[in-house]
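> Quick one: the structure is below, questions incoming.
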Amino acid sequence: MAQHRDIPLNLITGFLGVGKTTAIRHLLSQRPEGEHWAVLVNEFGEVGVDGGLLADTGVALEEIPGGCLCCVSAQMFTVGLNRLIRSQKPDRILIEPTGLGHPAQIIRTLTEPPYAGVLDLRATVTLMDARHLASPRHREHPIWQDQIALADVLLANKADLYSEDDRETLHAYVAAMPSPRPLVVETTQARIEREWLDRPRLERGGALFPEARAFLEAATQSTAPGHDHDHAHDHAHDHAAPAANEWVTIDTRGDGYIGRSWLMPEGQVVDHATLAGLVDGFTGDRLKGLVETDQGWQRINRVDGHGGLEPMAAPNTPLRPRIEAILPESGTAVLDALTKTLDAAHTPNT
């Protein structure tokens, strides 16, 4: 890749459901005329919902399913990134890691050979929901802490939903952050300004956030505690693509969470009323999907018990309907109930 030099690159990070993909769509709408951008998307699940949400943006897109870029997908990450660089020759690359991904390892990978000199890593943008500051499950999760600690730009998204207590807690949290502090902006609908991408990376020297430093040390020894991703399915990452008429269900585990992905046959139609009830009743961390119903295509976007079905235009190219659910590992019974309901909701293909 010697002919490629200093390609600007940004990480767009944040925990589950904070609006990373929406932020990327905003950024892509602000591309300077004539510039060719590329996006690399990683998801905790196996079926690539976020890539489908970016398919109409006209950018080069690489999807890496099944875990975080810093561990099980590391080889797939370099293969996908190398393919983007060589085949697309982009003027900028945006990387969206899974909401359960450690950015520390990704930053290290991007700033060491073979990428040193090829890529110009610029500001890391982290999206957060300030309401999570009142949630020990979020606030005490090492990945949540890691993502915020390594931000050069910190976007407090969904600000229109904050109470005064949420806002006061956010201001106190930011005031207590060690120097150098990131640019902190309250925003809604994941709105982001393109010029923030070119802000300088904060010089933290060796004083990385303790969780990030501990993770890197453990990763070097291949014994990262609590970060062992167990992919509980029979399909390896290089398995053959399932047949177009096959209904596929795959589980992914890691970092205290379990995800279940459903990939439906092409042309599969789901009963809208049943799907709406399934979505409204989901109380886990994240439920997302692209599904064709008897009332047209629907986007599923539910986070922490909020959100539901959103009508969407039919895809320009054939797309297999897909759903991904993520919740704590104790939620296997919820996933099994979802599977049963979803199975009852679909109509046989003709």
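> Quick one: if you stick a label point 7 Å off each Cα along the C-beta vector at residue 79 and residue 134, how many nm between them?
4.6 nm
> Quick one: compute the contact order of the range 92-177, relative version, from alpha carbon pairs under 8 angstrom and 6+ residues apart, as a percent.
Over the range 92-177, the number comes to 32 percent.
> Using the per-residue mean of other Cβ atoms lying within 10 Å as a proxy for protection, in what order, highest first, do the peptides 190-198, 153-161 fall?
153-161, 190-198
> Still on this structure: Give the ranking of 36, 171, 132 by solvent-accessible surface, highest area first, calculated with a 1.4 Å probe.
The most accessible residue leads, giving 171, 36, 132.
> Then there's this: Roughly how many Å² of residue 165 are accessible to a 1.4 Å probe, to the nearest 10?
The accessible area of residue 165 comes to roughly 110 Å².
> Can you tell me how much longer the chain between residue 108 and residue 280 gets when fully stretched, taken as 0.36 nm per residue apart minus their C-alpha distance, in nm with one decimal?
57.9 nm
> How charged is the neighbourhood of residue 166? Take every other residue with its Cβ under 14 Å from the Cβ of residue 166, and add Lys/Arg as +1 and Asp/Glu as -1.
It works out to a net charge of -3.
The values are calculated or read from the model by the stated rules, or taken from the named source; none is laboratory data. Only a predicted model underlies this, so the values are computations on that prediction, with no experimental measurement involved. For neighbour counting, all protein chains shown are included, and Cβ atoms are generated from backbone atoms with ideal geometry for every residue, glycine included. Side chains included, ligands, DNA and RNA excluded: accessible areas come from the protein's heavy atoms. Shrake-Rupley method; radii C 1.70, N 1.55, O 1.52, S 1.80 Å.
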